[in-house]
1. Here's a check for you: in region 124-139, which residue that is out of contact with any helix residue (DSSP H, G or I) (no Cβ under 6 Å at 6 or more places or on another chain) and crowded, with 18+ Cβ neighbours inside 10 Å is nearest to Phe72 (Cα to Cα)?
2. What pairs come out if I take residues in region 158-186 that are on the phi > 0 side of the Ramachandran plot and pair them with residues that are not basic (Lys, Arg) whose C-beta lies under 6 Å away, six or more apart or interchain?
3. Please go through (1) at pLDDT below 85; (2) in contact with a helix residue (DSSP H, G or I) (Cβ under 7 Å, 6 or more places away or on another chain); (3) of a type outside the set (D, E, K, R); (4) over 19 Å from Leu123 (Cβ atoms) for Leu28 and return the number of the only condition it doesn't satisfy.
4. Could you tell me which of the residues Leu220, Leu232 is outside any helix (DSSP H, G or I), in contact (Cβ under 8 Å) with a residue 60 or more places away in the chain and closer than 21 Å to Pro63 by Cα?
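The values are calculated or read from the model by the stated rules, or taken from the named source; none is laboratory data. This one's a predicted model, so the numbers in the text were calculated from it and none came from an experiment. Virtual Cβ from ideal backbone geometry, glycine too; neighbours counted across all protein chains shown.
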Amino acid sequence: MTLLRHTWFMTTRQARNLMREPIWIVLLLVQPMVWLVLYGQLFRNVTRLGGFGTSSYITFLAPAIVVMNAFFGATWSGMSMIADLDHKVIERFLATPASRFAIVLSQIVRSALTAAIQALIILLVSLALGVRVHTGVLGWLVIIIAAILVNSAFAGVSQAIALLTRREATMIAVANFIGLPLLFLSTTMIARSQMPGWMQTAARFNPVDWGVRAAREVVLPGTSWGTVALYLALLLALSAVTAAWATTTFRSYQRSL
């Protein structure tokens with residue numbers, strides 16, 4: 001209960017910090033919709049190649065945009081940790097009885113909650129654009145859960161890197177280094193059958209693709225719930241591993257003080 005209380009307090013603190021900078025709220029709301037509309041129009045004829053499971057590219061794309069947005073949000077989540085390190089906020093928390101695990105976990109929770117809100121917004125915009133989730137309300141829930149798990153998995157990585165490097169420039173370089181390769185080694189924007197063989201193999205081990213496939217399964221007809229459960233379970237396990245890694249790096253940071 002102490003861990004939950006401390007995590008909630010610190011997550012609320014970060015949410016208040018976000019509210020003090022309205023420009024970030026606007027960007028968090030607008031950017032996913034821009035991606036959805038622009039990508040949907042740019043590649044709308046690509047379904048003629050076959051293998052997409054639908055003739056509507058926007059239907060194929062919408063769940064993937066939810067996951068892609070959650071992924072990119074996670075890769076940048078470590079910036080808030082670096083800001084707290086630079087302003088000595090973390091050091092002040094270490095002088096209190098606050099749970100050390102909660103300090104790290106709250107950063108991951110804040111990022112995941114942001115991804116969930118964005119996921120809902122993207123789905124509502126997708127609905128207005130004509131996208132229909134084949135499995136209904138349960139499908140909406142699965143897509144949001146997939147976004148949360150993808151975000152939390154990579155937010156753990158981002159927090160660990162932030163605690164190891166403690167520099168904004170390095171954090172930005174690492175986020176860019178891992179972001180685009182993982183995006184393009186997934187089925188986010190293209191059907192698996194249209195990818196080169198080696199990319200298809202790489203995609204099977206790509207957590208971003210796990211989230212995309214879980215989210216897309218519930219949108220298109222012929223949903224395989226076993227496949228959905230498998231990918232969500234893999235993402236949950238990965239989230240636990242990366243959170244543990246972030247906690248380990250935080251202990252290393254403590255020893256360095």
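1. The qualifying residue nearest to Phe72 (Cα to Cα) is Gly139.
2. Qualifying pairs under 6 Å: Arg166/Leu85.
3. Going through the list (1) at pLDDT below 85; (2) in contact with a helix residue (DSSP H, G or I) (Cβ under 7 Å, 6 or more places away or on another chain); (3) of a type outside the set (D, E, K, R); (4) over 19 Å from Leu123 (Cβ atoms), Leu28 breaks only (4).
4. Details: Leu232 fails: outside any helix (DSSP H, G or I).
Checking each option against the conditions leaves just Leu220.
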